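Visitor: Please find one structure pasted underneath; my questions will follow.
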Amino acid sequence: MRVDVLTLFPSMFEGPLGTSILGRAQDEGLLEIYLWNIRDFAKDKHRIVDDTPYGGGAGMVLKPDVVVAGISHVKSVNPGPVIYLTPQGALFKQNQAKELVALNSFSLVCGHYEGLDERVRKGYIDAEISIGDYVLTGGELPAMVVIDTVARLIPGVLGQAESYETDSFYSGLLEHPHYTRPFNFEGEVVPEVLLSGHHEKIRHWRRKESLRRTVIRRPDLLEGRSLTLQEQKILQEINKEISVKGGS
Ligand code: 4FN
(Lines give C-alpha, C1' and ligand atoms only; values in the text may rest on other atoms or scores of the structure.)
Protein backbone atom coordinates (compact mmCIF):
# COMPACT_ATOMS: atom_id res chain seq x y z
CA MET A 1 0.00 0.00 0.00
CA ARG A 2 1.34 3.43 -0.94
CA VAL A 3 0.22 6.69 0.68
CA ASP A 4 1.58 10.11 -0.32
CA VAL A 5 0.94 12.99 2.06
CA LEU A 6 1.08 16.72 1.28
CA THR A 7 1.67 18.67 4.47
CA LEU A 8 3.33 21.82 5.80
CA PHE A 9 4.69 19.78 8.73
CA PRO A 10 6.10 16.41 7.61
CA SER A 11 8.00 15.98 10.89
CA MET A 12 4.68 15.66 12.76
CA PHE A 13 4.29 12.22 11.16
CA GLU A 14 7.62 10.74 12.16
CA GLY A 15 6.81 9.52 15.66
CA PRO A 16 3.32 8.11 15.07
CA LEU A 17 4.14 6.45 11.75
CA GLY A 18 7.61 5.21 12.71
CA THR A 19 6.54 3.50 15.93
CA SER A 20 5.17 0.06 16.70
CA ILE A 21 2.90 -1.62 14.15
CA LEU A 22 3.13 1.11 11.50
CA GLY A 23 6.93 1.25 11.82
CA ARG A 24 7.17 -2.50 11.36
CA ALA A 25 4.73 -2.44 8.41
CA GLN A 26 7.04 0.05 6.68
CA ASP A 27 10.19 -1.94 7.54
CA GLU A 28 8.56 -5.01 5.99
CA GLY A 29 7.57 -3.11 2.84
CA LEU A 30 3.83 -3.63 3.44
CA LEU A 31 3.27 0.13 3.80
CA GLU A 32 5.07 2.96 2.00
CA ILE A 33 4.45 6.51 3.19
CA TYR A 34 5.90 9.45 1.25
CA LEU A 35 5.78 12.83 2.97
CA TRP A 36 5.88 15.91 0.77
CA ASN A 37 6.37 19.39 2.21
CA ILE A 38 3.94 21.80 0.56
CA ARG A 39 6.52 24.57 1.09
CA ASP A 40 8.90 22.79 -1.30
CA PHE A 41 6.44 23.50 -4.13
CA ALA A 42 6.60 27.27 -3.55
CA LYS A 43 9.02 28.60 -6.11
CA ASP A 44 9.34 32.22 -4.93
CA LYS A 45 12.37 33.41 -2.97
CA HIS A 46 10.59 33.36 0.40
CA ARG A 47 8.74 30.10 -0.32
CA ILE A 48 5.40 31.65 0.66
CA VAL A 49 2.55 29.12 0.99
CA ASP A 50 -0.37 31.29 2.14
CA ASP A 51 -2.11 34.54 1.25
CA THR A 52 -4.88 36.78 2.60
CA PRO A 53 -8.49 35.90 1.75
CA TYR A 54 -10.40 37.84 -0.95
CA GLY A 55 -13.12 39.80 0.79
CA GLY A 56 -10.92 40.44 3.80
CA GLY A 57 -11.14 39.14 7.32
CA ALA A 58 -8.92 37.10 9.54
CA GLY A 59 -7.02 33.96 8.59
CA MET A 60 -4.99 32.92 5.59
CA VAL A 61 -5.65 30.60 2.65
CA LEU A 62 -3.17 28.17 1.12
CA LYS A 63 -1.99 29.55 -2.24
CA PRO A 64 -3.65 27.56 -5.06
CA ASP A 65 -0.61 27.55 -7.36
CA VAL A 66 1.60 26.07 -4.61
CA VAL A 67 -0.90 23.38 -3.56
CA VAL A 68 -1.64 22.45 -7.19
CA ALA A 69 2.10 22.06 -7.88
CA GLY A 70 2.22 19.66 -4.93
CA ILE A 71 -0.89 17.75 -6.03
CA SER A 72 0.45 17.46 -9.61
CA HIS A 73 3.63 15.98 -8.22
CA VAL A 74 1.90 13.39 -6.01
CA LYS A 75 -0.37 12.46 -8.93
CA SER A 76 2.75 11.69 -10.98
CA VAL A 77 4.06 9.24 -8.36
CA ASN A 78 0.82 7.84 -6.85
CA PRO A 79 -1.97 6.56 -9.15
CA GLY A 80 -4.69 6.68 -6.46
CA PRO A 81 -7.24 9.38 -5.63
CA VAL A 82 -6.27 12.66 -3.94
CA ILE A 83 -8.17 13.01 -0.67
CA TYR A 84 -8.47 16.25 1.30
CA LEU A 85 -8.86 16.04 5.09
CA THR A 86 -11.47 18.64 6.00
CA PRO A 87 -14.27 19.05 8.55
CA GLN A 88 -16.54 19.42 5.50
CA GLY A 89 -15.85 15.89 4.31
CA ALA A 90 -17.87 12.74 4.84
CA LEU A 91 -17.35 11.28 8.31
CA PHE A 92 -14.61 8.64 8.22
CA LYS A 93 -15.92 5.19 9.16
CA GLN A 94 -14.43 1.70 9.25
CA ASN A 95 -16.22 0.81 5.99
CA GLN A 96 -14.42 3.61 4.19
CA ALA A 97 -11.10 2.32 5.55
CA LYS A 98 -11.93 -1.02 3.92
CA GLU A 99 -12.52 0.78 0.60
CA LEU A 100 -9.22 2.64 0.89
CA VAL A 101 -7.14 -0.47 1.62
CA ALA A 102 -8.64 -2.11 -1.48
CA LEU A 103 -7.38 0.80 -3.63
CA ASN A 104 -3.76 0.03 -2.72
CA SER A 105 -2.76 3.68 -3.18
CA PHE A 106 -4.08 7.14 -2.39
CA SER A 107 -2.79 10.59 -1.47
CA LEU A 108 -3.77 12.85 1.42
CA VAL A 109 -3.74 16.67 1.51
CA CYS A 110 -3.53 18.31 4.95
CA GLY A 111 -4.94 21.82 5.31
CA HIS A 112 -3.71 24.65 7.53
CA TYR A 113 -4.89 28.17 8.32
CA GLU A 114 -8.36 28.43 6.69
CA GLY A 115 -7.65 25.56 4.31
CA LEU A 116 -7.62 25.31 0.52
CA ASP A 117 -8.71 27.80 -2.11
CA GLU A 118 -12.14 26.63 -3.35
CA ARG A 119 -10.86 26.24 -6.92
CA VAL A 120 -8.30 23.67 -5.80
CA ARG A 121 -11.01 21.67 -4.04
CA LYS A 122 -13.20 21.76 -7.13
CA GLY A 123 -10.54 20.95 -9.72
CA TYR A 124 -7.97 18.76 -8.00
CA ILE A 125 -9.54 16.92 -5.06
CA ASP A 126 -11.22 13.55 -5.66
CA ALA A 127 -12.76 13.04 -2.21
CA GLU A 128 -13.04 14.78 1.16
CA ILE A 129 -12.87 13.04 4.54
CA SER A 130 -13.52 14.31 8.07
CA ILE A 131 -12.56 12.36 11.18
CA GLY A 132 -15.07 14.11 13.42
CA ASP A 133 -16.64 17.29 14.68
CA TYR A 134 -14.07 19.35 16.56
CA VAL A 135 -11.79 22.27 15.71
CA LEU A 136 -8.19 21.33 14.86
CA THR A 137 -5.10 23.31 13.88
CA GLY A 138 -4.45 21.23 10.78
CA GLY A 139 -5.24 18.10 8.80
CA GLU A 140 -2.13 16.19 9.95
CA LEU A 141 -3.69 14.34 12.89
CA PRO A 142 -6.71 13.33 10.74
CA ALA A 143 -4.30 12.08 8.04
CA MET A 144 -2.52 9.95 10.64
CA VAL A 145 -5.85 8.58 11.87
CA VAL A 146 -6.75 7.55 8.32
CA ILE A 147 -3.32 5.97 7.71
CA ASP A 148 -3.43 4.06 11.00
CA THR A 149 -6.94 2.75 10.33
CA VAL A 150 -6.14 1.64 6.79
CA ALA A 151 -2.66 0.23 7.54
CA ARG A 152 -3.91 -2.29 10.09
CA LEU A 153 -6.22 -3.72 7.40
CA ILE A 154 -3.31 -4.55 5.07
CA PRO A 155 -2.83 -8.33 5.10
CA GLY A 156 0.22 -9.22 7.22
CA VAL A 157 0.40 -5.92 9.13
CA LEU A 158 -1.25 -7.28 12.26
CA GLY A 159 0.18 -10.30 14.01
CA GLN A 160 -1.99 -12.98 15.58
CA ALA A 161 -1.93 -11.24 18.96
CA GLU A 162 -2.99 -7.89 17.53
CA SER A 163 -5.94 -9.00 15.41
CA TYR A 164 -8.73 -9.31 17.92
CA GLU A 165 -11.27 -8.87 15.13
CA THR A 166 -10.85 -12.45 13.90
CA ASP A 167 -14.38 -13.43 14.82
CA SER A 168 -16.62 -11.67 12.29
CA PHE A 169 -19.36 -11.70 14.91
CA TYR A 170 -17.78 -8.74 16.67
CA SER A 171 -17.61 -6.52 13.61
CA GLY A 172 -19.30 -3.23 14.20
CA LEU A 173 -19.83 -3.81 17.91
CA LEU A 174 -18.00 -2.47 20.94
CA GLU A 175 -15.60 -4.83 22.64
CA HIS A 176 -16.54 -7.01 25.58
CA PRO A 177 -14.66 -6.39 28.87
CA HIS A 178 -11.10 -7.75 29.07
CA TYR A 179 -9.25 -9.13 32.10
CA THR A 180 -5.76 -10.34 32.89
CA ARG A 181 -4.02 -11.43 36.10
CA PRO A 182 -4.32 -11.03 39.03
CA PHE A 183 -7.69 -12.73 39.63
CA ASN A 184 -8.46 -10.28 42.45
CA PHE A 185 -7.47 -6.67 41.72
CA GLU A 186 -8.36 -4.17 44.45
CA GLY A 187 -11.24 -6.39 45.56
CA GLU A 188 -12.71 -6.78 42.05
CA VAL A 189 -12.58 -10.34 40.73
CA VAL A 190 -12.70 -11.75 37.21
CA PRO A 191 -16.10 -13.10 36.00
CA GLU A 192 -16.08 -16.82 36.78
CA VAL A 193 -17.14 -17.92 33.29
CA LEU A 194 -13.72 -16.76 31.99
CA LEU A 195 -12.02 -19.24 34.33
CA SER A 196 -14.33 -22.12 33.45
CA GLY A 197 -12.39 -23.34 30.43
CA HIS A 198 -15.78 -23.82 28.76
CA HIS A 199 -15.01 -22.18 25.40
CA GLU A 200 -18.56 -22.14 24.06
CA LYS A 201 -19.81 -20.46 27.24
CA ILE A 202 -16.97 -17.95 27.06
CA ARG A 203 -17.80 -17.11 23.44
CA HIS A 204 -21.45 -16.61 24.36
CA TRP A 205 -20.58 -14.40 27.36
CA ARG A 206 -18.29 -12.23 25.23
CA ARG A 207 -20.90 -11.81 22.49
CA LYS A 208 -23.50 -10.90 25.09
CA GLU A 209 -21.31 -8.34 26.87
CA SER A 210 -20.28 -6.91 23.50
CA LEU A 211 -23.93 -6.44 22.52
CA ARG A 212 -24.84 -5.12 26.00
CA ARG A 213 -22.16 -2.42 25.83
CA THR A 214 -23.18 -1.45 22.32
CA VAL A 215 -26.88 -1.18 23.21
CA ILE A 216 -26.15 0.89 26.32
CA ARG A 217 -23.30 3.13 25.17
CA ARG A 218 -23.56 3.33 21.37
CA PRO A 219 -27.03 2.29 20.17
CA ASP A 220 -26.32 4.32 17.01
CA LEU A 221 -23.85 1.59 15.97
CA LEU A 222 -26.72 -0.91 15.75
CA GLU A 223 -28.89 1.26 13.50
CA GLY A 224 -28.55 0.23 9.90
CA ARG A 225 -26.91 -3.04 10.90
CA SER A 226 -29.08 -6.15 10.81
CA LEU A 227 -28.90 -8.43 13.83
CA THR A 228 -28.18 -12.12 13.34
CA LEU A 229 -30.68 -14.55 14.84
CA GLN A 230 -28.17 -15.31 17.58
CA GLU A 231 -27.73 -11.60 18.35
CA GLN A 232 -31.51 -11.18 18.55
CA LYS A 233 -31.67 -14.08 21.03
CA ILE A 234 -28.89 -12.58 23.15
CA LEU A 235 -30.59 -9.17 23.08
CA GLN A 236 -33.75 -10.85 24.42
CA GLU A 237 -31.67 -12.26 27.29
CA ILE A 238 -30.28 -8.79 28.03
CA ASN A 239 -33.76 -7.22 27.91
CA LYS A 240 -35.03 -9.84 30.37
CA GLU A 241 -32.17 -9.05 32.76
CA ILE A 242 -32.95 -5.35 32.49
CA SER A 243 -36.69 -5.85 33.18
CA VAL A 244 -35.86 -8.01 36.22
CA LYS A 245 -33.45 -5.40 37.60
CA GLY A 246 -35.92 -2.61 36.79
CA GLY A 247 -38.61 -4.36 38.88
CA SER A 248 -42.09 -2.99 37.95
N1 4FN B 1 -9.70 21.55 10.52
C2 4FN B 1 -15.52 22.85 12.48
C3 4FN B 1 -16.05 24.00 11.85
C4 4FN B 1 -15.22 24.91 11.24
C5 4FN B 1 -13.83 24.71 11.23
C6 4FN B 1 -13.31 23.59 11.84
C7 4FN B 1 -11.83 23.34 11.84
C8 4FN B 1 -7.62 22.73 10.10
C9 4FN B 1 -7.42 24.00 7.95
C10 4FN B 1 -9.63 23.06 8.58
C11 4FN B 1 -11.08 19.39 11.69
C12 4FN B 1 -11.85 18.35 12.20
C13 4FN B 1 -11.86 17.12 11.61
C14 4FN B 1 -9.72 17.39 8.83
C15 4FN B 1 -14.14 22.68 12.46
C16 4FN B 1 -10.33 17.95 9.94
C17 4FN B 1 -10.31 19.20 10.55
C18 4FN B 1 -11.10 16.93 10.47
C19 4FN B 1 -9.50 20.33 9.98
C20 4FN B 1 -6.94 23.89 9.38
C21 4FN B 1 -8.93 24.19 7.90
C22 4FN B 1 -9.14 22.81 10.02
C23 4FN B 1 -17.89 22.20 12.90
C24 4FN B 1 -16.21 20.46 12.63
C25 4FN B 1 -16.22 21.85 14.66
C26 4FN B 1 -9.62 23.96 10.93
C27 4FN B 1 -16.45 21.87 13.17
N28 4FN B 1 -10.95 15.82 9.70
N29 4FN B 1 -11.06 24.08 10.99
O30 4FN B 1 -11.37 22.46 12.55
O31 4FN B 1 -8.74 20.17 9.07
O32 4FN B 1 -10.13 16.11 8.73
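The values are calculated or read from the model by the stated rules, or taken from the named source; none is laboratory data. On a predicted model such as this, the values are computed, not experimentally measured, just so you know. Neighbour counts run over all protein chains shown; Cβ positions are idealised from the backbone, glycine included. Heavy atoms of the whole protein, side chains included, go into the accessibility calculation; ligands, DNA and RNA do not. Shrake-Rupley method; radii C 1.70, N 1.55, O 1.52, S 1.80 Å.
Visitor: How are the alpha carbon pair distances in segment 83-122 distributed across 10 Å bins from zero to the largest one, expressed in percent?
Guide: Binned Cα distances yield the sequence 23, 51, 25, 1.
Visitor: For a label point 7 Å from the Cα of Glu114 along Cα→C-beta, name the residues of segment 1-44 whose backbone N is under 20 Å from it.
Guide: 8
Visitor: Need the list of lysines near Lys45 for cross-linking: C-alpha distance under 28 angstrom, and skip anything on the same chain fewer than eight residues off.
Guide: Lys63, Lys75
Visitor: If you average over every viewing direction, what projected area does the convex hull of the Cα atoms of the chain give, in nm²? Present the calculation step by step, with values, prior to reporting the outcome.
Guide: Numbers: hull surface 78.6 nm².
Hull-based average projected area comes out at 19.6 nm².
Visitor: Would you look at the GNM of the chain, springs on alpha carbons closer than 10 Å, and say which of Glu200, Glu114, Glu162 moves the most?
Guide: Between Glu200, Glu114, Glu162, it is Glu200 that shows the largest mean-square fluctuation.
Visitor: Nothing charged except the Cβ atoms of Lys and Arg (+1) and of Asp and Glu (-1): what's the magnitude of the dipole of the chain about its Cα centre? Round to the nearest 20 debye. Mind showing how you got there, number by number?
Guide: Working: 28 positive and 33 negative charges, 109 e Å.
Result for the chain is approximately 520 debye, rounded to the nearest 20.
Visitor: Sticking with this one: For the chain, give me the percentage of DSSP beta bridges that are antiparallel, rounded to the nearest 5 percent.
Guide: Values: 5 of 26 bridges.
Percent antiparallel among DSSP bridges in the chain is about 20.
Visitor: Test of the criteria: in segment 10-83, which GluC sites (Glu not before Pro) are in a DSSP loop and have at most 15 other Cβ atoms within 10 angstrom of their Cβ?
Guide: Glu28
Visitor: Could I ask something else about it? Go ahead and estimate [θ] at 222 nm for the chain from helices alone: -39,500 (n - 2.57) per DSSP H run with n ≥ 4, summed, over the residue count, rounded to 500. Could the numbers behind the result be given before it?
Guide: On the way: 8 runs with 93 residues, N = 248.
That calculation yields -11500 deg cm²/dmol at 222 nm.
Visitor: I would also like to ask the following. Looking at segment 1-143 only, what percent of DSSP beta bridges run antiparallel? Nearest 5 please.
Guide: 10 percent
Visitor: Name the residue from Gly111, Leu91, Ala161 whose Cα lies farthest towards the positive end of the charge dipole of segment 83-232, charges +1 on Cβ of Lys and Arg and -1 on Cβ of Asp and Glu.
Guide: Ala161
Visitor: With the chain treated as a Gaussian network of Cα nodes joined by springs under 10 Å, which of Ala102, Ala69, Ala58 yields the largest mean-square fluctuation?
Guide: It is Ala58.
Visitor: Keeping all protein chains in place, calculate the accessible area per residue for segment 113-196 (probe 1.4 angstrom), answer in Å². Present the calculation step by step, with values, prior to reporting the outcome.
Guide: Numbers: 5410 Å² over 84 residues.
Per residue, segment 113-196 has 64 Å² of solvent-accessible surface.
Visitor: While we're here: Which of the residue pairs Lys98/Lys245; Lys93/Lys245; Lys201/Lys245; Lys43/Lys98; Lys98/Lys240; Lys98/Lys208 have a Cα-Cα distance greater than 32 Å in the structure shown?
Guide: Working: Lys98/Lys245 40 Å; Lys93/Lys245 35 Å; Lys201/Lys245 23 Å; Lys43/Lys98 38 Å; Lys98/Lys240 36 Å; Lys98/Lys208 26 Å.
Long pairs (Cα-Cα over 32 Å): Lys98/Lys245; Lys93/Lys245; Lys43/Lys98; Lys98/Lys240.
Visitor: Still on this structure: Evaluate 2.2 N^0.38 Å with N set to the residue count of segment 104-241, then give the Cα radius of gyration divided by it.
Guide: Values: Rg = 20.9 Å, N = 138, 2.2 N^0.38 = 14.3 Å.
Its radius of gyration relative to the 2.2 N^0.38 Å reference: 1.46.
Visitor: Run the reach check for Lys233 against aspartates and glutamates, Cα to Cα strictly under 20 Å, same-chain hits fewer than 8 apart removed. What comes back?
Guide: Leaving aside aspartates and glutamates fewer than 8 places away in the same chain, those within reach of Lys233 are Asp167, Glu175, Glu200, Glu209, Asp220, Glu223, Glu241.
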